[in-house]
Amino acid sequence: SVLDEQDDYEGSLEIIEGVLEKNPKNYDALIHKGYVLGLMEEYEDAYEIFESLSNELPDNEDVWWDLGWIESCRGNQKEAIKAYLKTIELIPEEPAIWDNLGYCYEMTGESEKATEAYFRSIELGLEDPEMFMRLADLLISEGKYEKSLELYDKIITLKPDDEEVWKVRADILYELSRFSDALKSVNTGLALNQNNRDMIRLKGKILNKMKG
């Protein structure tokens, strides 16, 4: 609603409560109430609503999606995973839910499943630089620099003015011994912020390799 967009959560709740007074089983209003409580970080109250609704509306994807979100916010990543997997049963082609699932797997240390979920979200069309960076970090930790570079080549088209993106891309190119390309990347980052000490140090390392 417009009220939600203006962050007037209290006002939004007042309207929802008015609807629920007339019909306590108005499921759309209950879902909206749980969502607004989640935005207000009232996670326990939101959880009670979505946990109850998941029993009453077992085939409602919004309920399971929101339950997963709230469980993740409560720090219950394994419960969030269960809720997201249920959501995927209902709407398997929704890319954002695969992203959410990947994040929860990452938080529980299940890197392989996280990577699979993130790649599935990309296959389904998600273009989110934050997700690309999370996936690239996982790939870097596994030594898969070529695949992580493919992602950073996408990220720079989405965040061309982010100096850190250029720096990490230069790091990856350095690991691949592509020193000339790494130098170009670090120089682009330094053009955005010439005082970035990490990039200045990285440039020195690259130049040393090129001399050697």
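The values are calculated or read from the model by the stated rules, or taken from the named source; none is laboratory data. For clarity, every value in this text was computed on a predicted model and none was experimentally measured. Using ideal geometry, Cβ is built from the backbone for each residue, glycine included, and neighbour counts are taken over all protein chains shown. All accessible areas refer to the heavy atoms of the entire protein, side chains included, with ligands and DNA or RNA removed. Shrake-Rupley method; radii C 1.70, N 1.55, O 1.52, S 1.80 Å.
Using a probe of 1.4 angstrom, how much of the accessible area of segment 118-165 is carbon and sulfur, in percent? Each step should come with its number before you reach the end.
Values: 1190 of 2440 Å².
Summing carbon and sulfur atoms, their accessible area is 49 percent of the total for segment 118-165.
Quick one: Karplus J couplings for segment 158-171, per residue in order, coefficients 6.51, -1.76, 1.60, θ = phi - 60°, nearest Hz, x for Gly and Pro?
Taking θ as phi minus 60°, the curve returns 8, 9, x, 9, 9, 4, 5, 4, 5, 5, 5, 4, 5, 4 Hz for segment 158-171.
With the dipole of the chain worked out from charges on the C-beta (+1 for Lys and Arg, -1 for Asp and Glu) around the Cα centre, which of Val165, Ser52, Gly102 lies farthest toward the positive end?
Final value for the positive-end residue is Val165.
I'd like the distance separating the alpha-carbon centroids of segment 125-175 and segment 35-52, in whole Å.
Cα centres, segment 125-175 to segment 35-52: 34 Å.
If DNA, RNA and ligands are ignored and the probe is 1.4 Å, what is the ranking of Glu71, Glu130 by accessible area, most exposed first?
On the way: Glu71 10, Glu130 90 Å².
The ordering from most to least exposed comes out as Glu130, Glu71.
Rounded, prolate or oblate: pick one for segment 142-208, where a ≥ b ≥ c are the square roots of the eigenvalues of its C-alpha gyration tensor, a/c under 1.5 means rounded, and failing that, prolate if a/b is larger than b/c, else oblate. Display every interim value, and only then the final one.
On the way: a/c = 2.05, a/b = 1.13, b/c = 1.81.
Judged from the Cα gyration tensor, segment 142-208 comes out oblate (a/c at least 1.5, b/c at or above a/b).
Find which of Ser12, Tyr152, Thr115 sits farthest along the positive direction of the dipole of the chain, computed with +1 on the beta-carbon of Lys and Arg, -1 on that of Asp and Glu, about the Cα centre.
It is Tyr152, whose Cα lies furthest towards the positive end.
Please work out the Cα center distance from segment 6-33 to segment 53-119, rounded to the nearest Å.
Result: 25 Å between the Cα centres.
³J(HN,Hα) across segment 39-45 via Karplus (A = 6.51, B = -1.76, C = 1.60, θ = phi - 60°), whole Hz, x for Gly/Pro?
Taking θ as phi minus 60°, the curve returns 4, 7, 6, 8, 5, 5, 5 Hz for segment 39-45.
Helix 61-73 against the longest principal axis of the chain: what's the angle in degrees, Cα atoms only, rounded to the nearest 10?
60
Top to bottom by accessible area (1.4 Å), largest first, where do Cys73, Cys104 land? Mind dumping the intermediate values first?
On the way: Cys73 55, Cys104 0 Å².
These residues rank, largest area first, as Cys73, Cys104.
Along segment 191-207, what does the Karplus equation 6.51 cos²θ - 1.76 cosθ + 1.60 (θ = phi - 60°) give for ³J(HN,Hα), rounded to whole Hz, x for Gly and Pro?
Per-residue couplings from phi come out as 5, 7, 7, 6, 9, 6, 5, 4, 6, 4, 5, 4, 4, x, 4, 5, 4 Hz.
Over segment 1-75, average the accessible area per residue using a 1.4 Å probe and give it in Å², no decimals.
57
For the chain, what does -39500 (n - 2.57) per DSSP helix run (n ≥ 4), summed and divided by total residues, give at 222 nm, in deg cm²/dmol to the nearest 500? Please list the in-between numbers first.
On the way: 13 runs with 167 residues, N = 212.
Rounded to the nearest 500, it is -25000 deg cm²/dmol.
Can you tell me the dipole magnitude for the chain around its Cα centre, using point charges on the Cβ only (Lys, Arg +1; Asp, Glu -1), in Debye to the nearest 20? Walk me through the intermediate numbers first.
On the way: 24 positive and 47 negative charges, 415 e Å.
Roughly 2000 debye for the chain.
Counting other C-beta atoms within 10 Å, and keeping those with at most 16, which DSSP coil trypsin sites (Lys or Arg not before Pro) do you find in segment 1-107? Don't skip to the answer; put the middle values down first.
Values: sites: Lys22, Lys25, Lys33, Arg74, Lys78, Lys82, Lys86; in loops: Lys25, Arg74.
The qualifying sites are Lys25, Arg74.
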